[in-house]
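A.B. asks: Here's a structure for you.
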Amino acid sequence: MRNQYGRLLAACQKVTNDPMAYVTAWKTRTPNGKAVGFFPTYVPTEIVYAVGGLPVGLWGGSISTGSANAYIQQFTCSIVRSTTEYALEGTLDRLDAVLFPPICDSAKLVGSIWSLNLAGKFLVDMVNLPERLDSKGSAPYLAAELRRVHAALAARFGLAVSEDALWSGIASADRLRKAQQDFSVWRSQARSCGTNLVDAATILRAGTIMHVDEYVPLLEEMLAQPDHEAPKPSQGVPVALTGLACQLPHAEFLALFESAGLRVIEDDLFLGMRAALPAATAGDPYCAIAEAFVNSAAMAMRHNSGVQRHEQLLDRIKQRGGKGVVFLVPKFCEPEWFDVRYLQAETKKASIPSIIIDFEEGAGMTGPVQTRLEAFAETIA
Amino acid sequence: MTYFAGVDIGSLATKCVVVDEAGDIVSSAIVATGARVSAAAESVLAAAVRAGGFDPARIGCTVATGYGRKRAHADRQVTEITCHARGAIHLFPGTRTVLDIGGQDTKAIRIGADGGVVNFVMNDKCAAGTGRFLEVMARALEVDLEELGPLSLQSTAPQTISSFCTVFGESEVISHVANGAEVADIARGLHEAISHRVAGLLKRVGVESQLTMSGGVSHNIGMRSALEQALGTSFNIHPHAQLIGALGASLIGRDRFLNGQQ
């Protein structure tokens, strides 16, 4: 039984250690298969599947950004610099297209830079998601934008636009999201086996790179075993972790949580990709995707007066027995830093202790962060 | 009698305090940390045992704290946040805010009436506002570190030091010296620069009376003066302020032992 978890983790580690090797292999075995990279936090992968493509999440990494620094100033979040460095040095040359959602000024900036400087390598397109989700016009606007993106990708790849293919793409994307949501619930439950934060991040990240038909069976197989021997979960103080929707800290940094005596029972790792509701299964497929998006989980990059982020956070903490919140926020991330003070005020009102820690993609000095996390654990234990 | 040792391994100095079952200090010691953290921890504990004149086998629990705590042979490791809070409230029961200016970091800690930590903030990104900053500046001014504080109190026209960065701050000091500024005035400017930075840190956790200062920089009377002026309030400072972290660690060990948790 240990094999299910071990097999899943090994496959995911291989993919996340070298995503482009996976992309190359997938393209080799998939005639006319197109790899479509995407910047966080969300793009409509349904459309990528509809054009026979492989959605490839670009989540940055620890890389020295000498070339990217010529295009992008230092005081921006590290992911825009690291992904640009990968693009400039040719690591992403196997991609056929890249989609950018305008989640913040930095994302718009880097999307524009790529459009101007890298359009010769691959199609670069902005998926103009609505920031405001609670307007009557949001879903129709997005549906129209999705039609445009679908047409653009199809034209680029020499395909006809097919609504049947899009329905099939919707089914694939929903299947992936359900599996990742089930994984999230499984992680949060206290039992004799579980996973740690580093493994969880690896497993979730792999889901944004591997094809859904390869990834989901591995994940479902692991979750289906009632007595499987995944690692023992940490016995630490249960806390929620938020702020990570876009960037990922280094594995060494993520490992600090368990070693500091904390157990993460709720997080927003890759939330943009796993939090949409299932789309409708009839009617206009573009409207179905748009409706699912405008009703998805609250995040810093979206405004929805009907879905308050703090209410969702407090709800999850209560459901999962959390004793505190760690706001783990990327440096220079304007959307998250705007939200973090409001969220901290709301958690304080609810008598839930919190701590704010900022990070960049490299491991950096982990000693002081370890001290802060341990002190937090000591305070709330 | 059973004894309880607390070892605080800081970046510059390693401290040890031994208390008895009543929580009274029996002995203490301070050694330079150096590059070999484990050796410093062993050395300071041995020195405290010698100073106390008791059999080390009578130590019921040793708690290590400080940045090097993971590398000390101890029964338990506890962060310096918790230990400074515990130690400060033991010495000054009315303490509700602790300021620890250490060799390389600065901590502001709010504590509740029960001595539990309510909130804390650390400045661990840069040496400005720490003991290291003062060391570098003392060298630039060619005065002994111990003289810097008293010298600053002789200032009549403090020089502004605007750089936050220790390296650039040193350049600024050298500029002031070259321009003929009085050393006392530069020294006061340095203390005021640190106090403004530290005051900001304290205000982030919320300043509640009484304030207690801990760490080696507490003994710098120039720093105390500048901080009290910046905050408009006074600090409790114990003669053994540098040992507060180690004291807190020893008391935590004592508490756990007597509660049967060891």
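A.B. asks: Inside the stretch A:344-378, can you point out the residues that are more than 25 Å from the chain's Cα centre (by Cα), polar (S, T, N, Q) and over 24 Å from A:Glu252 (Cβ atoms)?
C.D. replies: The answer is A:Ser351, and nothing else.
Here's the yes/no breakdown for (1) aliphatic (A, V, I, L, M); (2) surrounded by 19 or more Cβ atoms within 10 Å (Cβ to Cβ):
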| position | (1), (2) |
| --- | --- |
| B:Val63 | yes, yes |
| B:Arg71 | no, no |
| B:Val78 | yes, yes |
| B:Phe120 | no, yes |
| B:Thr130 | no, yes |
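This table checks each residue for (1) modelled with pLDDT of 95 or more; (2) within 25 Å of A:Gly367 (Cβ to Cβ).
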residue: B:Asp105; (1), (2): no, yes
residue: B:Arg110; (1), (2): yes, yes
residue: B:Val118; (1), (2): no, yes
residue: B:Asp124; (1), (2): no, yes
residue: B:Arg132; (1), (2): no, yes
residue: B:Val136; (1), (2): no, yes
residue: B:Val143; (1), (2): no, no
residue: B:Ala157; (1), (2): no, no
residue: B:Ser162; (1), (2): no, no
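Quick grid of which residues meet (1) open to solvent by less than 20 Å² (accessible area, probe 1.4 Å); (2) modelled with pLDDT of 95 or more:
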{"position": "A:Leu54", "(1), (2)": "yes, yes"}
{"position": "A:Gly57", "(1), (2)": "yes, yes"}
{"position": "A:Ala68", "(1), (2)": "yes, no"}
{"position": "A:Gln74", "(1), (2)": "no, no"}
{"position": "A:Cys77", "(1), (2)": "yes, no"}
{"position": "A:Val80", "(1), (2)": "yes, no"}
{"position": "A:Leu92", "(1), (2)": "yes, yes"}
{"position": "A:Leu95", "(1), (2)": "yes, yes"}
{"position": "A:Leu99", "(1), (2)": "yes, yes"}
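A.B. asks: Next question. Let me spell it out: the conditions are (1) more than 10 Å from chain A (Cβ to nearest Cβ); (2) buried (at least 24 other Cβ atoms within 10 Å of the Cβ), and B:Glu135 meets all of them except one. Which number is the exception?
C.D. replies: (2)
A.B. asks: Further question: Only helices (runs of 4 or more DSSP H) wholly contained in the stretch B:172-262 count here; list those with 3 or more residues that are in contact with a strand residue (DSSP E or B) (Cβ under 6 Å, 6 or more places away or on another chain).
C.D. replies: B:183-205, B:244-258
A.B. asks: Conditions first: (1) open to solvent by 40 Å² or more (accessible area, probe 1.4 Å); (2) of a type in the set (Ser, Thr, Tyr); (3) out of contact with any strand residue (DSSP E or B) (no Cβ under 6 Å at 6 or more places or on another chain). A:Ser106 passes all but one, so which condition is the exception?
C.D. replies: Only one criterion in (1) open to solvent by 40 Å² or more (accessible area, probe 1.4 Å); (2) of a type in the set (Ser, Thr, Tyr); (3) out of contact with any strand residue (DSSP E or B) (no Cβ under 6 Å at 6 or more places or on another chain) is unmet by A:Ser106, namely (1).
A.B. asks: Moving on. Is the stretch A:101-109 home to any residue that is in a helix (DSSP H, G or I), in contact with a helix residue (DSSP H, G or I) (Cβ under 9 Å, 6 or more places away or on another chain) and either at pLDDT 95 or above or over 25 Å from A:Gly243 (Cβ atoms) (or both)?
C.D. replies: No, the stretch A:101-109 contains no residue that is in a helix (DSSP H, G or I), in contact with a helix residue (DSSP H, G or I) (Cβ under 9 Å, 6 or more places away or on another chain) and either at pLDDT 95 or above or over 25 Å from A:Gly243 (Cβ atoms) (or both).
A.B. asks: What are the pairs, 6+ residues apart or on separate chains, where a residue within the stretch A:104-121 that is under 20 Å from A:Phe332 (Cα atoms) has its Cβ under 6 Å from a residue that is open to solvent by 30 Å² or more (accessible area, probe 1.4 Å) and assigned to a helix (DSSP H, G or I)?
C.D. replies: Cβ pairs passing all conditions: A:Cys104/A:Glu334.
A.B. asks: Ok, one more. Quickly run through the stretch A:353-381 and pick out the residues that are open to solvent by less than 30 Å² (accessible area, probe 1.4 Å) and among the aliphatic types (A, V, I, L, M).
C.D. replies: Across the stretch A:353-381, the qualifying residues are A:Ile355, A:Ile357, A:Ala363, A:Val369, A:Leu373, A:Ala375, A:Ala377, A:Ile380.
A.B. asks: Residue check, A:Glu145 against (1) in contact with a Ser or Thr (Cβ under 6 Å, 6 or more places away or on another chain); (2) over 30 Å from A:Ser67 (Cα atoms), all met but one. Which one?
C.D. replies: Single failed check for A:Glu145: (1).
A.B. asks: Return a yes/no flag: does the stretch A:34-47 have any residue that is aliphatic (A, V, I, L, M) and either surrounded by fewer than 22 Cβ atoms within 10 Å (Cβ to Cβ) or farther than 18 Å from A:Ile289 by Cβ (or both).
C.D. replies: The answer is yes; a qualifying residue exists.
A.B. asks: Would you mind stating whether B:Ser11 is in a strand (DSSP E or B), surrounded by fewer than 23 Cβ atoms within 10 Å (Cβ to Cβ) and among the hydroxyl-bearing types (Ser, Thr, Tyr)?
C.D. replies: no
A.B. asks: For the stretch B:34-50, indicate whether the set of residues that are over 17 Å from the mean Cα position of the chain (by Cα), within 14 Å of another protein chain (Cβ to nearest Cβ) and part of a strand (DSSP E or B) is non-empty.
C.D. replies: No.
A.B. asks: Next up: Return the residues of the stretch A:278-310 that are under 20 Å from A:Glu131 (Cβ atoms) and more than 21 Å from the chain's Cα centre (by Cα); say none if nothing qualifies.
C.D. replies: A:Tyr286, A:Cys287, A:Ser305, A:Gly306 - these are the residues of the stretch A:278-310 that are under 20 Å from A:Glu131 (Cβ atoms) and more than 21 Å from the chain's Cα centre (by Cα).
A.B. asks: Right, here's the next one. B:Glu147 fails exactly one of the following numbered conditions: (1) open to solvent by 20 Å² or more (accessible area, probe 1.4 Å); (2) at pLDDT 90 or above; (3) over 29 Å from B:Gly245 (Cα atoms). What is the number of that condition?
C.D. replies: (3)
A.B. asks: Return the residue satisfying two criteria in turn: it lies in the stretch B:56-80 and is without any contact (Cβ under 8 Å) to a residue 40 or more places away in the chain and either among the basic types (Lys, Arg) or not in a loop (DSSP other than H, G, I, E, B) (or both), and of such residues it is farthest from the other protein chains (Cβ to nearest Cβ).
C.D. replies: B:Ala57
A.B. asks: Does any residue in the stretch A:164-186 that is on the phi < 0 side of the Ramachandran plot come within less than 7 Å, Cβ to Cβ, of a residue that is open to solvent by less than 30 Å² (accessible area, probe 1.4 Å) and charged (D, E, K, R) six or more places away or on a different chain, and which pairs are these?
C.D. replies: Once the first residue is on the phi < 0 side of the Ramachandran plot and sits in the stretch A:164-186, its partners that are open to solvent by less than 30 Å² (accessible area, probe 1.4 Å) and charged (D, E, K, R) give A:Leu166/A:Glu46; A:Gly169/A:Glu46; A:Ile170/A:Glu46; A:Ala173/A:Glu46; A:Arg177/A:Arg274; A:Gln180/A:Arg274; A:Gln181/A:Arg274.
A.B. asks: Just give me the residues in the stretch B:184-224 being crowded, with 18+ Cβ neighbours inside 10 Å and hydroxyl-bearing (Ser, Thr, Tyr), in sequence order.
C.D. replies: Within the stretch B:184-224, B:Ser195, B:Thr212, B:Ser214, B:Ser218 meet the criteria.
A.B. asks: In this structure, does B:Arg58 turn out to be in contact with a helix residue (DSSP H, G or I) (Cβ under 7 Å, 6 or more places away or on another chain), open to solvent by 30 Å² or more (accessible area, probe 1.4 Å) and closer than 17 Å to B:Val7 by Cα?
C.D. replies: Taking the combined requirement at face value, the residue does not satisfy it.
A.B. asks: Can you pull out the helices (runs of 4 or more DSSP H) entirely within the stretch A:306-381 that have at least 3 residues that are at the interface with another protein chain (Cβ under 10 Å from one of its Cβ atoms)?
C.D. replies: Those helices (runs of 4 or more DSSP H) span A:366-380.
A.B. asks: Here is a further query. Tally up the residues in the stretch A:311-335 that are of a type in the set (Phe, Trp, Tyr) and over 17 Å from the mean Cα position of the chain (by Cα), please.
C.D. replies: Total meeting the criteria: 1.
A.B. asks: Working carefully through the options B:Ser171, B:Ser162, B:Ser155, find the one that is more than 14 Å from chain A (Cβ to nearest Cβ), in contact with a Lys or Arg (Cβ under 6 Å, 6 or more places away or on another chain) and over 28 Å from B:Cys83 (Cβ atoms).
C.D. replies: Being more than 14 Å from chain A (Cβ to nearest Cβ), in contact with a Lys or Arg (Cβ under 6 Å, 6 or more places away or on another chain) and over 28 Å from B:Cys83 (Cβ atoms) holds for just one of B:Ser171, B:Ser162, B:Ser155, which is B:Ser155.
A.B. asks: To continue, here is another question. Which of the residues belonging to the stretch A:146-203 are of a type in the set (S, T, N, Q), assigned to a helix (DSSP H, G or I) and farther than 26 Å from A:Phe122 by Cα?
C.D. replies: Answer for the stretch A:146-203, where residues must be of a type in the set (S, T, N, Q), assigned to a helix (DSSP H, G or I) and farther than 26 Å from A:Phe122 by Cα: A:Gln180, A:Gln181, A:Ser184, A:Ser188, A:Thr202.
The values are calculated or read from the model by the stated rules, or taken from the named source; none is laboratory data. Bear in mind the structure is a predicted one, so any value in this text is a computation, not a measurement. Quick reminder, even Gly has a Cβ in these numbers, built from the backbone with ideal geometry, and neighbours come from all protein chains shown. Protein only, heavy atoms only, side chains kept; ligands, DNA and RNA dropped before computing areas. Shrake-Rupley method; radii C 1.70, N 1.55, O 1.52, S 1.80 Å.
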